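The structure appears right after this line, and notes come after that.
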Amino acid sequence: MKNTVIRFGLYGLITGFTIFTLHLIIGIKNLDYSTNEILGYISIFLSLSFIFFGIKHYRDHINDGIISLGKAIAIGVLISLIVGLGIAMADFVYTKFIDPSFFSNYEQQLINQGKADEIVKMTSTTAALFMLVLVTIIGFIISLISGLILQRKN
């Protein structure tokens, strides 16, 4: 199980870090925040797709075609934690070093849109932790769905 989690987790981490960083660097300058948010979720879901493939690989190649729902969820959540680290690192690097004014610019846009009541003070660290938790929660849901689809008993 460990090798499967690490292998597919790293695939997702690299995918998530790369796509998330690219969309932030390219998209922030050219797209509005709503479009960037949608692109962010797309990059999360693409990265978390490795959960399904990791569970399937474990079932078919390591566990003789058998996997329980609990084991599938465990594999998926562990993969999602690794993916979440990649996306959290990308978010941290971007907001801390590439565009340190990101949060103040975003806050100004919310004020301009009349959404000042939605403003939450964020730092690069809290944003990265938020992304890690968000990705893990979405990963749990994907793990549950994948586990239900892929589970096989004796």
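The values are calculated or read from the model by the stated rules, or taken from the named source; none is laboratory data. Quantities reported herein were computed from a predicted structural model and do not represent experimental measurements. Don't worry about glycine lacking a Cβ; one is built from the backbone with ideal geometry, like all the others, and counts go over all protein chains shown.
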Residues of the stretch 19-41 being without any contact (Cβ under 8 Å) to a residue 12 or more places away in the chain and part of a helix (DSSP H, G or I), in sequence order, are L22, I26, K29, N30, S34, T35, E37, I38, Y41
Cβ-Cβ below 9 Å, separation at least six or inter-chain, first residue in the stretch 3-14 and in a helix (DSSP H, G or I), second surrounded by fewer than 19 Cβ atoms within 10 Å (Cβ to Cβ) and among the polar types (S, T, N, Q): which pairs?
-> G12/S49
Apart from one, (1) assigned to a helix (DSSP H, G or I); (2) touching a residue at least 12 places away in the same chain (Cβ under 8 Å) all hold for Q108; the odd one out is (2)
Note on G65: of the conditions (1) closer than 29 Å to L31 by Cβ; (2) not in a helix (DSSP H, G or I), unmet is (1)
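Return the residue satisfying two criteria in turn: it lies in the stretch 77-105 and is in a helix (DSSP H, G or I) and among the polar types (S, T, N, Q), and of such residues it is nearest to T4 (Cα to Cα). Steps first, please.
Initially, the stretch 77-105 is screened for residues in a helix (DSSP H, G or I), giving 77-98, 102-105.
Now drop any that are not among the polar types (S, T, N, Q), which leaves 80, 95, 104-105.
Working: S80: 13, T95: 32, S104: 41, N105: 41 Å.
Among residues in the stretch 77-105 that are in a helix (DSSP H, G or I) and among the polar types (S, T, N, Q), the one nearest to T4 (Cα to Cα) is S80.
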Determine if the stretch 52-63 includes at least one residue that is among the β-branched types (V, I, T) and either under 19 Å from T21 (Cβ atoms) or at pLDDT 90 or above (or both).
-> yes
Only one residue in S104, S143 is of a type in the set (G, A, S) and either modelled with pLDDT of 95 or more or within 20 Å of the chain's Cα centre (by Cα) (or both), so which one is that?
-> S143
So, first residue in contact (Cβ under 8 Å) with a residue 60 or more places away in the chain and under 14 Å from K2 (Cβ atoms) in the stretch 54-76, second residue part of a helix (DSSP H, G or I) and hydrophobic (A, V, I, L, M, F, W, C), Cβ within less than 9 Å, six or more apart or across chains; the pairs are K71/I55; A74/V5; I75/V5; I75/F8; I75/I51; I75/I55
